[in-house]
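Engineer: One structure, pasted below without further comment.
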Amino acid sequence: MNLLIVTPDLGALTETFITNHILNLKSTNTFVITNNIHNKIIDSNKILQIKLNYGPATFDDEKEKIVLDFIKNKKITHILIEYGTYGSEIINLNSKHFQLPIYIHFHGYDASSALNNPIIIKYYQVIQNFVSGFITVSYTMSKRLIDIGIEKDKIFVNYYGTESKIISSNVSDKINLLFVGRLVNKKNPIPILEAIAKLISKYSNIHFDIIGDGPLKDDIISYIQNNNLRNIVTLHGAQPNDVVHYFFNNCDIYVQNSTVDKSTGDREGTPVSIIEAFSHSLPVISTKHEGIEEVIIHNFNGILVNENSSEEFYQTIEYLIQNKNFRNYLGNNAKLVHSIKFDKNVSNERLIKILKNEIKFVVKPFFSVCIPTYNREKYISDTLKSVLLQNFDNYEIIIIDDGSTDNTKQIVDRFPDNRIKYYYKNHTNAADTRNLAIEKSQGEYIVWLDSDDIILPYVLQEYYNFFIQNSYFELIYGDLVIVDNFLIPQKELNYEDWYNRNNELLSKLFYGNYIPNPVVCIKKIIYEKYGKYNIDFVRAHDYEFWIRISKHIKLKKINIKTCLWRWHDSNLSAESVKIDTSYEANAIKLMLANNSLEEIFPNYDWGNKEHATVKSYLEIVKRLIILKDYNEAIKYAKLAYSLAHDPSIMELVNNLQQYK
């Protein structure tokens with residue numbers, strides 16, 4: 001592929017993402033047309049410097065001939081225009097003379113403050129008929145383009161990528177904070193300085209490094225001087241990449257206050273500096289702003305605060321100073337997410353696929369990630385992000401909204417991805433909602449994900465790898481991490497592997513649910529064979545289903561953690577929530593109706609059938625008492641007495657009568 005990149009600036013220190021496109025796309029011979037040359041990062045014979053105008057424009061005849069000759073002589077096959085507001089001359093020329101695949105890559109202001117200009121809006125609306133597609137760095141950015149009339153099917157999200165770094169431990173006694181970025185209103189670090197001015201009264205070992213230059217520099221210097229921060233804050237100015245990485249490598253916490261520039265409406269895309277921090281295993285504190293909200297799952301791989309909130313920066317920085325283990329937890333997860341989704345090679349490979357028109361809309365997905373939901377506006381964004389951050393793309397997301405009355409749909413709409421299918425229904429119950437998800441799903445395998453949980457970023461790829469090598473299996477699962485309402489880990493929940501142990505599994509299910517429901521993966525055909533969820537079960541429908549299929553299913557545990565399982569007071573996972581156990585009791589009744597006592601209690605001595613039967617009945621009584629089904633417990637106690645005539649059993653019957 002001979003790729004022509006059209007960019008206003010070549011080799012600018014602040015545009016490492018464009019430099020990456022020019023230097024690091026594999027199997028690509030890259031050429032550049034640019035306005036300004038800051039640094040000749042490629043051979044001169046690959047560069048054409050020519051005036052490019054902001055907004056709609058065309059070349060005069062002389063310039064058009066120069067550009068035509070350049071494209072012909074270099075045998076250009078594909079064109080990538082960096083920034084939506086530039087390159088209209090190239091789009092026009094390509095339309096007239098070549099019709100090469102041509103894509104526009106948006107980065108920030110071109111899809112935010114530029115939209116204040118009706119001429120630019122009209123220009124974007126028109127050029128969509130003359131380009132192959134638009135590339136954005138966040139779903140938020142995509143949504144703004146859709147809102148002005150750009151076709152959803154022409155937009156591709158591709159997050160920035162950076163190199164994975166080998167990290168050396170920071171052995172300093174200081175807590176080193178770092179911000180890297182241009183000193184402009186949309187990256188204003190003064191709220192962070194305000195937080196640090198409060199923190200130094202408690203912590204004398206803080207140091208804050210700021211790398212960057214820009215129009216806010218004088219205001220920042222003034223704040224530092226007026227608040228006695230000269231020994232606490234160092235302003236380094238703009239620095240080359242190797243120096244920046246040195247500071248990342250000696251940092252404890254990365255902080256960034258990205259915000260809307262109120263004077264212009266300018267916004268960030270997805271800041272490369274945050275992706276760089278991920279690659280260095282750093283905990284990140286940043287703002288609920290644009291693409292940042294998409295790449296950070298709060299309290300998993302970073303912490304999100306409100307824009308310009310010095311108080312929230314103060315509280316979160318102090319919390320991380322005091323909790324080194326949590327700093328390490330966030331940093332390790334940041335590194336994990338980086339390696340899976342934000343590594344430079346991952347991002348560049350996706351960009352090449354987009355340019356070559358190899359990103360196809362999924363028609364027959366491998367997985368259907370099914371998310372039943374009801375009034376989960378507080379959590380569903382994190383749940384969706386956790387799916388979209390997977391390193392496997394052949395899936396669809398089926399969201400069945402069981403009659404939510406909150407803003408669940410509006411939050412889902414923030415993610416304009418063709419793989420997301422949202423269905424709203426009148427409120428019934430969880431089993432009915434799951435059954436509709438099964439009906440709507442197109443995948444060969446269904447992955448269940450509750451709308452307040454987090455699927456870990458490697459899971460779909462691991463599941464796919466397993467099924468490709470082991471197509472025999474029909475159900476797989478892993479271990480869970482129980483987290484609190486704020487995603488803070490509490491404990492791990494490890495499950496047994498029931499491979500080739502179906503009879504043991506049935507017996508074990510008598511005592512409780514020993515297959516996880518969160519992020520379990522089931523071949524869809526299983527629901528056709530054995531039926532869907534029993535809608536009489538308002539809860540414990542999964543338990544009843546496992547009992548029903550346990551003797552037949554080919555299942556396997558794979559040794560990975562699959563999910564952050566959130567326990568909170570508004571779901572039935574939390575230990576503090578009172579649970580109606582009648583549904584488990586009903587599941588036990590169905591188990592007893594459809595399986596023999598010998599199958600449920602295989603370890604009893606069935607050579608002495610009467611004794612084993614009495615023992616079974618009494619075990620059933622104990623289980624039903626735990627589940628508070630006293631009438632059924634009395635029934636089985638009487639059956640046991642009819643065989644054994646043991647006075648203690650009749651005493652048990654009499655004692656149970658008081659609970660009826």
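The values are calculated or read from the model by the stated rules, or taken from the named source; none is laboratory data. Everything numeric here is computed off the predicted structure, so don't read it as measured data. We place every Cβ from the backbone using ideal geometry, glycine too, and count neighbours over all the protein chains shown. Calculation scope for accessible area: heavy atoms of the full protein, side chains included, ligands and nucleic acids excluded. Shrake-Rupley method; radii C 1.70, N 1.55, O 1.52, S 1.80 Å.
Engineer: Compute the distance from the alpha-carbon center of segment 597-660 to that of segment 33-104, in whole Å.
Structural biologist: 84
Engineer: Related question: Could you tell me which of I634, T581, S648 has its Cα farthest along the dipole of segment 547-660 towards the positive end, charges placed at Cβ (Lys, Arg +1; Asp, Glu -1), taken about the Cα centre?
Structural biologist: T581
Engineer: Still on this structure, I have one more. Please state the shape class of segment 457-535: rounded when a/c is under 1.5, otherwise prolate if a/b exceeds b/c and oblate if not, all from the C-alpha gyration tensor. Can you show the working numbers first?
Structural biologist: Values: a/c = 1.62, a/b = 1.22, b/c = 1.33.
It is oblate, given that a/c is not under 1.5 and a/b is not larger than b/c.
Engineer: Okay, moving on. Relative to the first principal axis of the alpha-carbon coordinates of the chain, what is the inclination of helix 459-469, with its axis defined by its Cα atoms, in degrees from 0 to 90 and to the nearest 10?
Structural biologist: The angle comes out near 70 degrees.
Engineer: Of Y659, Y379, which has the most accessible area and how do the rest follow, probe 1.4 Å?
Structural biologist: Working: Y659 125, Y379 15 Å².
Order by accessible area, largest first: Y659, Y379.
Engineer: Sorted by average packing, counted as other Cβ atoms within 10 angstrom per residue and highest first, what order do 92-100, 290-298, 550-558 take? Can you show the working numbers first?
Structural biologist: Details: 92-100: 15.6, 290-298: 23.2, 550-558: 17.9.
The peptides rank, most packed first, as 290-298, 550-558, 92-100.
Engineer: Let me ask something else. Is the shape of segment 1-128 rounded, prolate or oblate, going by the alpha carbon gyration tensor and its root eigenvalues a ≥ b ≥ c, with a/c under 1.5 for rounded and a/b larger than b/c for prolate? Mind dumping the intermediate values first?
Structural biologist: Values: a/c = 1.60, a/b = 1.17, b/c = 1.37.
Oblate is the answer for segment 1-128, as a/c is 1.5 or above yet b/c matches or exceeds a/b.
Engineer: Taking every DSSP beta bridge with both residues inside the chain, roughly what % is antiparallel (nearest 5)?
Structural biologist: 15
Engineer: For a quick check: with amide H placed at 1.01 Å from N, whose amide H comes under 5 Å from N53's, ignoring anything fewer than 5 positions away on the same chain?
Structural biologist: HN-HN under 5 Å from N53: G87, E89.
Engineer: What part of the accessible area of segment 350-450, given as a whole %, is carbon or sulfur when the probe is 1.4 angstrom?
Structural biologist: On the way: 1790 of 3900 Å².
So the carbon and sulfur contribution to the accessible surface is 46 percent.
Engineer: Using the Karplus equation 6.51 cos²θ - 1.76 cosθ + 1.60 (θ = phi - 60°), what ³J(HN,Hα) coupling, rounded to whole Hz, does each residue of segment 222-233 give in order, writing x for Gly and Pro?
Structural biologist: 4, 5, 4, 5, 6, 10, 6, 10, 4, 8, 9, 10
Engineer: Separate question: What's the carbon and sulfur percent of segment 238-326's accessible surface, probe 1.4 angstrom, rounded to a whole number? Can you show the working numbers first?
Structural biologist: Values: 1260 of 2850 Å².
Here it works out to 44 percent.
Engineer: So who's got an amide H within less than 5 Å of the one on V233, skipping anything under 5 residues away but keeping other chains? H placed 1.01 Å off N, in plane.
Structural biologist: Residues meeting the criterion, in which the H sits 1.01 Å from N, are F208.
Engineer: Short version: ³J(HN,Hα) in whole Hz for each residue of segment 130-140, in order, from phi by Karplus 6.51 cos²θ - 1.76 cosθ + 1.60 (θ = phi - 60°), x for Gly and Pro, what are they?
Structural biologist: 10, 10, 7, x, 10, 10, 10, 10, 6, 5, 4
Engineer: Output wanted: per-residue J couplings in Hz (rounded whole) for segment 350-356, from phi through Karplus 6.51 cos²θ - 1.76 cosθ + 1.60, θ = phi - 60°, x for Gly and Pro.
Structural biologist: So the J values, rounded to whole Hz, are 5, 4, 4, 4, 5, 4, 8.
Engineer: Can you pick out the pairs among K154/K360; K341/K364; K385/K421; K589/K622; K154/K341; K523/K551 whose Cα atoms lie more than 18 Å from each other?
Structural biologist: K341/K364; K154/K341
Engineer: Please give me the summed charge of the neighbours of E444: other residues whose Cβ is under 9 Å from its Cβ, Lys and Arg +1, Asp and Glu -1.
Structural biologist: Working: positive: K364, K523, K524; negative: none.
Once all neighbours under 9 Å are counted, the net charge is +3.
Engineer: Another question about this same structure. How far is helix 61-73 tilted, in degrees, relative to the longest principal axis of the Cα atoms in the chain, given as a value from 0 to 90 rounded to the nearest 10?
Structural biologist: The helix 61-73 is inclined about 50 degrees to the chain.
Engineer: Accessible area per residue of the chain at 1.4 Å probe, in Å²?
Structural biologist: 42
Engineer: If you average the sequence gap of Cα pairs under 8 Å that are 6 or more apart and divide by the length of the chain, what percent do you get for the contact order? Don't skip to the end; give the middle numbers.
Structural biologist: Values: 1228 pairs, mean separation 58.1, N = 660.
Relative contact order comes out at 9 percent.
Engineer: Based on the mean of other Cβ atoms within 10 Å per residue, sort peptides 319-331, 28-40, 381-393 so the most packed one is first. Before the final figure, lay out the partial values.
Structural biologist: Details: 319-331: 15.8, 28-40: 17.3, 381-393: 20.9.
Listed from highest to lowest mean packing, they are 381-393, 28-40, 319-331.
Engineer: Among 275-282, 416-423, what's the highest-first ranking by average C-beta atoms within 10 angstrom per residue? All intermediate terms of the calculation are to be shown ahead of the outcome.
Structural biologist: Working: 275-282: 25.5, 416-423: 16.2.
Highest-to-lowest ranking by the protection proxy: 275-282, 416-423.
Engineer: Under 1.5 on a/c is rounded, so check that first for segment 203-321, then, if it is not, pick prolate when a/b is larger than b/c and oblate when it is not; a ≥ b ≥ c are the square roots of the alpha carbon gyration tensor eigenvalues.
Structural biologist: Details: a/c = 1.26, a/b = 1.14, b/c = 1.10.
It is rounded, given that a/c, with a ≥ b ≥ c, falls under 1.5.
Engineer: Find how many whole Å separate the alpha carbon centroid of segment 238-311 from the alpha carbon centroid of segment 397-412.
Structural biologist: The distance from the Cα centre of segment 397-412 to that of segment 238-311 comes to 29 Å.
Engineer: Tell me the net charge near F70. Cut-off is 12 Å between Cβ atoms, F70 excluded, with +1 for each Lys or Arg and -1 for each Asp or Glu. Display every interim value, and only then the final one.
Structural biologist: On the way: positive: K46, K63, K65, K72, K74, K75; negative: E64, D69.
Cβ neighbours under 12 Å give a net charge of +4.
Engineer: Using amide H atoms built in the peptide plane, which far-off residues or other-chain residues are under 5 Å from R566 H to H?
Structural biologist: When sequence neighbours closer than 5 places are left aside, the close amide H contacts are I454, V483.
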